[in-house]
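The values are calculated or read from the model by the stated rules, or taken from the named source; none is laboratory data. All figures in this text were calculated on a predicted structure; none of them were measured in a lab. No Cβ is skipped: glycine too gets one built from the backbone with ideal geometry, and neighbour counts run over all protein chains shown.
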């Protein structure tokens, strides 16, 4: 018997993108609308939570209406409403959660709350129709650095995580220190292309008792110390070399840990996810390592790496068919843990 | 005419259904749980109890601010989601006006106060004239000192209400030179019934907006915007 299509409206407002999408059967994106607030936050050198929340409430209906229009569906064609309920900025999350609950209630549609990181991981399902668990996923973004074993749909085991700064956070801080501004990731990525990645040997931190864990604050301090040292000694700073060497230190550690996980678990599939997964150097480094080791490599295209609602719709589908439903008391959970229901 | 109304601007969460001049249901809660956990379950409950066909609603009224920024957005996003799904307009009701409606017929000065932190209150000055609410000073964010001066200058007996009362009661007692009193329980906090009542008046006057247009009225910039504006002024 042919299964009925499942259409899900997904809403995402955990940080500074107001997004809505309509996704069919978790893999086919009918629409994916994103209103990015990045220009607004650039004025402040980073995301300002209160401003983000204010923009979300201004734009959310337009974004949802546009997603429905582009998908050429109305609410009565849908099977569920999905929304990111954590982790993220609580005020920002609450806008999406309250909106989704009201739509769910008024349209008599089931509500599915989705973990933001599960969304990032699930972005891989959209363009890789063949990808199925189990696989290893390296999730890297401005707020998160996780090495995850995806055992099954909706089943996650965290192998390693950052002990301090997220990788994307380190990019932002280093970018600020060398005067590149916000957001740091794409700017460092671009500048690093003109620099020598072996010019400055920055440290690659290991966490003694947890081989999969990451630590980036030592690296960030090393870059800041290097810059201060140069300034005090009156030596010239080659920003492109700093950017390239810093980026290499991050990318090498991420790649090494991911490959170690693949080897030790025997799971011969590796996926990237999260905003930093759109970083050119990281993609190339992991891809080459996978080629060398004969591992299947997956990554979303850059537009699906950064925050979007299509990935939430993809994750929601697998939750939906597992029977996950949330009530009208669903709350935003800013520090929601992966795999926690 | 039928309206669903919600208020989550302060410590109270409240939802009501108004049909013409009759409140079919009202559910008001002032307890520990967050608005995100209470508001929708409350609305769901009163809709179930009144066997409400949501499509029979003419509009969604929401207390639009001022108030807690997060609280306002929970109310607004709820109203916007309902409006979007039902294809119904939203009515943004000024929070302080709705608070003043608790004291129907009172011809003294009515002064709702909400704690706005930083020694300020969200407030306004009202009275009832010919059975309708008359606005003497529109809702605003001011210091308690400035508010007391304003009331003293008007020289009228004043009734206070709102969640700012427990915070600023003693301060007001010291500052006021006019007779004053504090409204009792049942009439001294936000109630969605009052939002619904004003909402109905707005609806009849055609003062509605689309769910997409609606947004809260904070009466204050965010801290980051304020600091940035101050920095620019100094430069």
From the set of residues in region A:82-109 that are more than 20 Å from residue B:43 (Cα to Cα) and in a helix (DSSP H, G or I), which is nearest to the other protein chains (Cβ to nearest Cβ)?
A:91
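Which one of A:175, A:190, A:208 is in a helix (DSSP H, G or I) and surrounded by fewer than 18 Cβ atoms within 10 Å (Cβ to Cβ)? Can you show your working first?
Values: A:175 fails: surrounded by fewer than 18 Cβ atoms within 10 Å (Cβ to Cβ); A:208 fails: in a helix (DSSP H, G or I).
Selected residue: A:190, the only one of A:175, A:190, A:208 that is in a helix (DSSP H, G or I) and surrounded by fewer than 18 Cβ atoms within 10 Å (Cβ to Cβ).
Could you go through region B:149-161 and let me know if any residue there is touching a residue at least 60 places away in the same chain (Cβ under 8 Å), touching a helix residue (DSSP H, G or I) at 6+ places or on another chain (Cβ under 9 Å) and part of a loop (DSSP other than H, G, I, E, B).
Filtering region B:149-161 for residues touching a residue at least 60 places away in the same chain (Cβ under 8 Å) gives B:161.
In the following step, the residues that additionally are touching a helix residue (DSSP H, G or I) at 6+ places or on another chain (Cβ under 9 Å) were identified as B:161.
If we keep only those that are part of a loop (DSSP other than H, G, I, E, B) as well, we get none.
Looking through region B:149-161, none of the residues is touching a residue at least 60 places away in the same chain (Cβ under 8 Å), touching a helix residue (DSSP H, G or I) at 6+ places or on another chain (Cβ under 9 Å) and part of a loop (DSSP other than H, G, I, E, B).
Specify which of the listed residues (A:113, A:168) is surrounded by 23 or more Cβ atoms within 10 Å (Cβ to Cβ) and part of a strand (DSSP E or B).
Working: A:168 fails: part of a strand (DSSP E or B).
After applying the criteria, what remains is A:113.
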If we keep only residues of region A:39-70 that are within 22 Å of residue A:305 (Cβ to Cβ) and out of contact with any strand residue (DSSP E or B) (no Cβ under 8 Å at 6 or more places or on another chain), then the residue farthest from the other protein chains (Cβ to nearest Cβ) is A:39
Condition (residue is under 17 Å from residue A:312 (Cα atoms) and not assigned by TED's automatic domain parsing to the domain that holds residue A:14) applied to region A:162-180: is it met by at least one residue?
no
Out of B:202, B:168, B:218, sole residue that is assigned to a helix (DSSP H, G or I) and under 16 Å from residue B:97 (Cα atoms):
B:202
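How about region B:6-26: which of its residues are in contact with a helix residue (DSSP H, G or I) (Cβ under 7 Å, 6 or more places away or on another chain), within 26 Å of residue A:85 (Cβ to Cβ) and in contact (Cβ under 8 Å) with a residue 40 or more places away in the chain?
The first filter runs over region B:6-26 and keeps only residues in contact with a helix residue (DSSP H, G or I) (Cβ under 7 Å, 6 or more places away or on another chain), leaving B:6-10, B:13-18, B:23, B:25-26.
Restricting the remaining residues to those that are within 26 Å of residue A:85 (Cβ to Cβ) gives B:6-10, B:13-15.
B:6, B:7, B:8, B:9, B:10, B:14, B:15, listed by residue number.
From the list B:165, B:144, which one is touching a residue at least 40 places away in the same chain (Cβ under 8 Å) and in contact with a strand residue (DSSP E or B) (Cβ under 8 Å, 6 or more places away or on another chain)?
B:165
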I'd like the full set of residues that are away from chain A (no Cβ under 14 Å) and assigned to a loop (DSSP other than H, G, I, E, B), limited to region B:71-113.
B:104, B:105, B:106, B:107, B:108
Kindly check whether there is at least one residue in region B:88-110 that is surrounded by 24 or more Cβ atoms within 10 Å (Cβ to Cβ) and more than 30 Å from residue B:54 (Cβ to Cβ).
yes
